[in-house]
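The values are calculated or read from the model by the stated rules, or taken from the named source; none is laboratory data. Please read all numbers here as calculations on a predicted model, not as lab measurements. Cβ sites come from the backbone with ideal geometry, for glycine too, and all protein chains shown count toward neighbours.
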Amino acid sequence: MGAVSIRLFEQSDALEVSRLVLRVIRNEFSNNYSKDVIRVQSARYSSEGILASKAIRWVAVARGRIVGTVGADGPEIVGLFVEKEERNCGVGSALLRTAEKTVFKEYPQTIIYAAHGSEEFDLKHGYSPIKRIRISCKGVRFWVTYLVKNRPQVMPSRTGLSP
Ligand SMILES: CC(C)(COP(=O)(O)OP(=O)(O)OC[C@H]1O[C@@H](n2cnc3c(N)ncnc32)[C@H](O)[C@@H]1OP(=O)(O)O)[C@@H](O)C(=O)NCCC(=O)NCCS
C-alpha cells in the first residue's frame, strides 16, 4: 500500500475530506443516481455536513494528502471513499478494517447500506446481503442493499487455557 497512514479525523480535515468525497460523488455517481440523490449526498458530505455528523471518522493520509475516509455511526459503517487515483492499493480495505475494529468492540455486527454499486467490494470483505430496502433521506427515496458482517469469533488464547 506504500506509505499510507490511517488516523482519526480532525475538525481541520473537514474541507479536504469534503472535496474528496464530492469529487467522487459528482464524477462517479451521477450516471447511476438522480439529481436529487446527488444533491442529498452532496449536502451530507459538505464540510458542514461532515462536521455536524455524529459518526466517528477516520482518514487515510499519503504524501501529506488525505486520500480516503470512512466513518462509523453506531454499528453502521458509513461514507467509505478513496480518491480514484489511489485505488486498488489496499487503502479502502485498510479503512474498512479500522472502522470494523471499533464497531466490533461495542456491537456484534457491522452494517453497511450500499447504495453505489460497491456491493462486490463489501462481499469480498465478508459482508452478507440481507435485503434491498428503500430508504428516504430528506424527502428523496432510493434503493440500497442492507449488508451485515458478524464479529469474528475470538480464538481462545493459549495462555488462558488450563494446563
Ligand atoms: C470501494 C472503494 C472504497 C475501494 O477502495 P480501494 O482503495 O480501491 O480498495 P482496496 O484497494 O482495498 O480493494 C480493491 C479491491 O476491491 C475491488 N473493488 C473496489 N471497488 C469496487 C466496486 N465498486 N465494485 C467491486 N469491486 C470493487 C477492486 O476490484 C479490488 O479487488 P481485488 O483486491 O480483488 O483486486 C473505492 O473504490 C471507492 O471509493 N469507490 C467509490 C465510493 C464508494 O463506492 N464507496 C463505498 C460505499 S459509500
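Can you confirm whether residue 40 is at pLDDT 95 or above, within 14 Å of the ligand (Cβ to nearest atom), of a type outside the set (Gly, Ala, Ser) and out of contact with any Phe, Trp or Tyr (no Cβ under 7 Å at 6 or more places or on another chain)? Judged against the criteria, residue 40 is not a match.
Just so you know, in the stretch 2-37 the residues that are assigned to a helix (DSSP H, G or I) and of a type in the set (Lys, Arg) include one that is modelled with the lowest pLDDT, and it is 35. Before we move on, is residue 136 under 22 Å from residue 26 (Cα atoms), among the small types (Gly, Ala, Ser) and surrounded by fewer than 11 Cβ atoms within 10 Å (Cβ to Cβ)? Taking the combined requirement at face value, the residue satisfies it.
The residues listed here are 120, 83; of these, the one that is within 9 Å of the ligand (Cβ to nearest atom), touching a residue at least 60 places away in the same chain (Cβ under 8 Å) and not hydrophobic (A, V, I, L, M, F, W, C) is 83.
In the stretch 99-119 there is at least one residue that is assigned to a loop (DSSP other than H, G, I, E, B) and among the aliphatic types (A, V, I, L, M). Each residue in the stretch 1-15 was checked for being more than 21 Å from residue 76 (Cα to Cα), crowded, with 17+ Cβ neighbours inside 10 Å and more than 14 Å from the ligand (Cβ to nearest atom), and 1 of them qualify. Counting only residues that are within 9 Å of the ligand (Cβ to nearest atom) and either over 15 Å from residue 18 (Cβ atoms) or assigned to a loop (DSSP other than H, G, I, E, B) (or both), the stretch 54-76 holds 1 of them.
Would you pick out the residues in the stretch 89-117 that are within 8 Å of the ligand (Cβ to nearest atom) and modelled with pLDDT under 95? 114, 115, 116, 117, listed by residue number.
Conditions tested, residue by residue: (1) under 24 Å from residue 139 (Cβ atoms); (2) among the charged types (D, E, K, R).
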position: 12; (1), (2): no, no
position: 15; (1), (2): no, no
position: 73; (1), (2): yes, yes
position: 79; (1), (2): yes, no
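When we screen 93, 47, 34 for residues that are within 13 Å of the chain's Cα centre (by Cα) and surrounded by 12 or more Cβ atoms within 10 Å (Cβ to Cβ), the only hit is 93.
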